[in-house]
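Taking it in order: structure first as structure tokens, then the write-up.
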Amino acid sequence: MKTQIPDVLPIYPLKEHIIFPYMVIPLFFSREAIVVIEEAMQGNQMIGAVYCPGPNNVCTFDEHPRIGTVCKINQLIKFPDGGGKVTIEGIQRFIMHTAVQTEPCLKAKIELVVEKEERGLVVEALVQSVNALLKIALAYGRPLPEDVLKMIDRIEDPGRLADLITVYLGVDPGIQQELLGILDPVERLKSVYMHLTTEVQKLQVKGEIDQEVNKRLGKSQKEQLLREQMKQIQQELGEQDPRQAEITELRKRIRTAEMPEEVLVVAEKELRRLEQINPASPEYTVSRTYLDYLCSTPWQKGTQDNLDIRQAERVLNEDHYDLKEVKERILEYLAVRSLKSNTKGPILCFVGPPGVGKTSLGRSIARAMGRKFIRVSLGGMKDEAEIRGHRRTYIGALPGRILQEICRVESNNPVFMLDEVDKIGQDFRGDPSSALLEVLDPEQNDSFRDHYLDVPYDLSKVMFITTANIMDPIPSALRDRMEVIRLSGYSDEDKEQIAYKYLIPKEIEENGLSRYPLEFTPAAVRKILHDYTREAGVRNFERKIAAVCRKEARLIAQGDEPLKRIDAKDIEGLLGPCTYFVDVAAERDRIGVVTGLAWTEAGGDILFIEAARMAGCKDLTLTGSLGDVMQESAKTALSYVRGHAQLFGLEEDFFEKSDLHIHVPSGAIPKDGPSAGVTIAVAIISLLSGRAARRDVAMTGELTLTGRILPIGGVKEKLLAARRAGVKTVLLPMRNREHLAEIDDQLLKDIEVHLVERVDEIVARTLLPVTPSSCSQQKTELLPPEAIL
């Protein structure tokens, strides 16, 4: 029974195959194409298969060719991912006239093509010629299934014969579509005959090439068969041998690389060696890669420095606020470069808490100087080969990160930032910090030898910048090679300026609010600073500003009315409850509790030293995760107070029948260092004298047994921490007078700083007179022995 074909069919786009009548083929379809299949399955299971020349199997009606094949779906299998597989059978050609619908799938009105039977001498001769060409193609090695051969011998219809040969001819889909579009069977078979003739000619040329190659090859050269075939083909086409072309290209690159004389000798020697190596040998690839790195290394190629000091200063100020010391050092270097062109690059080390702009400052320096910028993170690096590279004897060897990055930017004088130099590790594979000794030594790095290249390379033109949070983990030999520039935290006024000049415009731009003006009032910025951040840098501050901008973006996206002006009263609704509170202002003056100042990796911080006394037998208990140095400071403070008890009006035998307990909250945070000695001593004196300590007075200093107060470090960080915590008075050692002179007056405007030399001066400024209320407080705070357990 003949299948009834409708006038309108869903159109399925074909990409890789063209379906001809009487052809049965499995077809895999994606989830997007299932609409066409389902449309056909709901009707008479027929689709119109049409070639789609467009990308991603997506074509409009006008982009489709007008000739296609009516196909019947014999089997459908759906896959879990939404796609599936169908077995379809080509039935008859059709001509596509007009599109009936385009969504959800393309449907078109079609007209079936009825082919008339062709008989005669011309047709018979053409069929015989095609069969003869097929046999010639088979003789030259053209593969064809046995059952297809038998089928071809039985087919006399020129149209069906042309379609069958086209399927197995292996031509491009575009040519197959052209053959599908020839509606005259005889003309179609003639076209197939021409394509088959071309195919036979190709096979004949290939056979002649194979025959010529076989004559040249002996038994000992069989392993070179494929390469010789390629060589013969190149000769037929008039092209150069690819290996010789590669050698010629390398020789040209060596001449133009401007290598130093010593390196040039090594490169030419390696090139001569490469010419003698069999290309099939693994050693060929090793030698080829080595020469490629030698040619790619920028031996003399660099960028021109921008020596306009005013322009450089303007660029630095555009990117970063304050940081005067760093900017002055860069401008000094540029000034020297303008006077002496062969100046060696400085080795700088930026030390400071997170978020103060150390890494971004390196990028800004490169922009100001007009140089390329490289950043390599050293955090967690444990393998020395990361710096110096592997020797070429190892499989997969490569140069170290230093030369790899210099080759990548194609410049011998970049700004090279080695980030997190204080977090380098070491294990059995070596110590990267030792490998950096040569890299960061201006007297040695002009002849740096990478293990892979094994030739000297001049790193003296590179400006190396390292960053670290603390200097202690850095080996002393490496520390000695670097010029240390400390970046302290920012004051609240600095952060306000940074917010308005950099952070707020940046976050408005990044969160898509450029077309929606958003204003932060000074009160809002200060509230974010004081209630939601507690840091030396501005990283968390920037995150909070970004959070506010995202809230505004969401309101705009939802179609709600956004806030055009962010005030202090709006902040809590946008960011939630306050995260931080003023530690000092919220507390009252207490006996035995004194405010101290500490320095951490994240900047300065305040801490409270608590002292308690109980009946016992001369035992000192120290808690709060204290390190060895801080524990020794506590013992030194107690010995000082016992030796000078009369000076402070204390009982000289107060420790005979008592135990003392010193605690430094928070207990889970490790603490160490000598600068809490004065604070511990004042806490003990406050406890024993019954005089409450002022919470708005903070102190720092190392105490000796003789009562000398030694200088401490991190003065600016500690003063910033005191301001953030609401401290009004800060007591510093007299020997820190020079450090205090370097601090801006703006930072000191809300704090009264006193320089002290003796403990009695600190006691006079910190401890309040004894009052009845303080006596009752002291009785309340005396602990029984069992309470300490």
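The values are calculated or read from the model by the stated rules, or taken from the named source; none is laboratory data. From a predicted model like this one, the values you see are computed outputs, not experimental measurements. All Cβ positions, even for glycine, are placed from backbone atoms using ideal geometry, and neighbour counts span all protein chains on display. The area values use the complete protein model at the heavy-atom level, side chains included, leaving out ligands, DNA and RNA. Shrake-Rupley method; radii C 1.70, N 1.55, O 1.52, S 1.80 Å.
Annotations
- Among residues of region 649-678, those that are closer than 17 Å to Arg613 by Cβ and in contact with a strand residue (DSSP E or B) (Cβ under 9 Å, 6 or more places away or on another chain), counted: 10
- Strands (runs of 3 or more DSSP E) lying entirely in region 596-698 (those with 2 or more residues that are open to solvent by less than 40 Å² (accessible area, probe 1.4 Å), out of contact with any Cys (no Cβ under 7 Å at 6 or more places or on another chain) and hydrophobic (A, V, I, L, M, F, W, C)): 603-615, 658-663
- In this structure, Lys551 qualifies as surrounded by 14 or more Cβ atoms within 10 Å (Cβ to Cβ), without any contact (Cβ under 8 Å) to a residue 24 or more places away in the chain and within 28 Å of the chain's Cα centre (by Cα).
- Boolean, Leu203 is assigned to a helix (DSSP H, G or I), open to solvent by less than 50 Å² (accessible area, probe 1.4 Å), touching a Gly at 6+ places or on another chain (Cβ under 8 Å) and touching a residue at least 12 places away in the same chain (Cβ under 8 Å): yes
- Residues of region 508-529 that are within 19 Å of Glu572 (Cβ to Cβ) and not polar (S, T, N, Q): Leu518, Glu519, Phe520, Pro522, Ala523, Ala524, Val525, Arg526, Lys527, Ile528, Leu529.
- Single residue of region 103-145 satisfying the filter (open to solvent by less than 90 Å² (accessible area, probe 1.4 Å) and among the β-branched types (Val, Ile, Thr)) that is nearest to Ile182 (Cα to Cα): Val113
- Among residues of region 554-581 being of a type in the set (Lys, Arg) and more than 33 Å from the chain's Cα centre (by Cα), the one that is nearest to Glu535 (Cα to Cα) is Lys569.
- Qualifying residues in region 394-408 (those that are outside any helix (DSSP H, G or I), among the aliphatic types (A, V, I, L, M) and in contact (Cβ under 8 Å) with a residue 40 or more places away in the chain) - the one nearest to Gly302 (Cα to Cα): Leu398
- Selected residue (criterion: nearest to Asp450 (Cα to Cα)) from residues of region 362-393 that are assigned to a loop (DSSP other than H, G, I, E, B) and under 21 Å from the mean Cα position of the chain (by Cα): Asp383
- Helices (runs of 4 or more DSSP H) completely within region 454-535 that count 1 or more residues being of a type in the set (Ser, Thr, Tyr): 476-480, 522-532
- Where a residue in region 642-653 is of a type in the set (Phe, Trp, Tyr) and its partner, wherever it lies, is at pLDDT 85 or above, with Cβ under 7 Å and at least six apart: Phe648/Ile685; Phe648/Ser689; Phe648/Val763
- The number of residues in region 527-541 being surrounded by fewer than 18 Cβ atoms within 10 Å (Cβ to Cβ) and over 22 Å from Thr359 (Cβ atoms) comes to 1.
- Flag for Val538 being modelled with pLDDT under 90 and either more than 22 Å from Ser488 (Cα to Cα) or of a type outside the set (D, E, K, R) (or both): yes
- Whichever residue in region 455-479 is more than 29 Å from the chain's Cα centre (by Cα) and at pLDDT 90 or above and, among such residues, is most open to solvent (accessible area, probe 1.4 Å): Pro456
- Residue satisfying condition, being among the β-branched types (Val, Ile, Thr), under 24 Å from Glu187 (Cα atoms) and out of contact with any strand residue (DSSP E or B) (no Cβ under 6 Å at 6 or more places or on another chain), within set Val58, Val70, Val122, Val50: Val122
- Filter result for Leu403 (open to solvent by 40 Å² or more (accessible area, probe 1.4 Å), of a type outside the set (Lys, Arg) and either within 23 Å of Arg479 (Cα to Cα) or at pLDDT 85 or above (or both)): no
- Selection of first residues in region 718-746 that are over 18 Å from Arg765 (Cα atoms) and of second residues that are acidic (Asp, Glu), restricted to Cβ pairs under 8 Å at least 6 apart or on distinct chains, gives the following pairs, ordered by first then second residue: Ala721/Asp605; Arg723/Asp492; Arg723/Asp750; Arg724/Asp492; Ala725/Asp583; Gln746/Glu493.
- Unmet requirement for Met194, which otherwise passes all of (1) of a type outside the set (Ser, Thr, Tyr); (2) at pLDDT below 85; (3) in a helix (DSSP H, G or I): (2)
- Members of region 44-70 that are at positive phi, modelled with pLDDT under 80 and open to solvent by less than 80 Å² (accessible area, probe 1.4 Å): Asn57
- Looking across Glu249, Glu261, one residue alone is under 44 Å from the mean Cα position of the chain (by Cα), at pLDDT 85 or above and open to solvent by 100 Å² or more (accessible area, probe 1.4 Å). It is Glu261.
Matching residues to (1) part of a helix (DSSP H, G or I); (2) among the hydrophobic types (A, V, I, L, M, F, W, C); (3) open to solvent by 50 Å² or more (accessible area, probe 1.4 Å); (4) free of Cβ contacts under 8 Å to residues at least 60 places away in the same chain:
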| position | (1), (2), (3), (4) |
| --- | --- |
| Lys150 | yes, no, yes, yes |
| Asp153 | yes, no, yes, yes |
| Leu161 | yes, yes, no, yes |
| Thr166 | yes, no, no, no |
| Val171 | no, yes, no, yes |
| Gly174 | yes, no, no, no |
| Glu178 | yes, no, yes, yes |
| Leu183 | no, yes, yes, no |
| Val186 | yes, yes, no, no |
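- Residue check for Ala615: touching a strand residue (DSSP E or B) at 6+ places or on another chain (Cβ under 8 Å) and more than 17 Å from Met699 (Cα to Cα): yes
- For region 292-303, the criterion of being open to solvent by 40 Å² or more (accessible area, probe 1.4 Å), within 27 Å of Val484 (Cβ to Cβ) and of a type in the set (Asp, Glu) is met by none of the residues.
- Qualifying residue in region 338-347 (condition: over 24 Å from Asp492 (Cα atoms), part of a helix (DSSP H, G or I) and open to solvent by less than 40 Å² (accessible area, probe 1.4 Å)): no
- Among (1) within 52 Å of the chain's Cα centre (by Cα); (2) part of a strand (DSSP E or B); (3) of a type outside the set (Phe, Trp, Tyr); (4) crowded, with 21+ Cβ neighbours inside 10 Å, the one test that Ile37 misses: (2)
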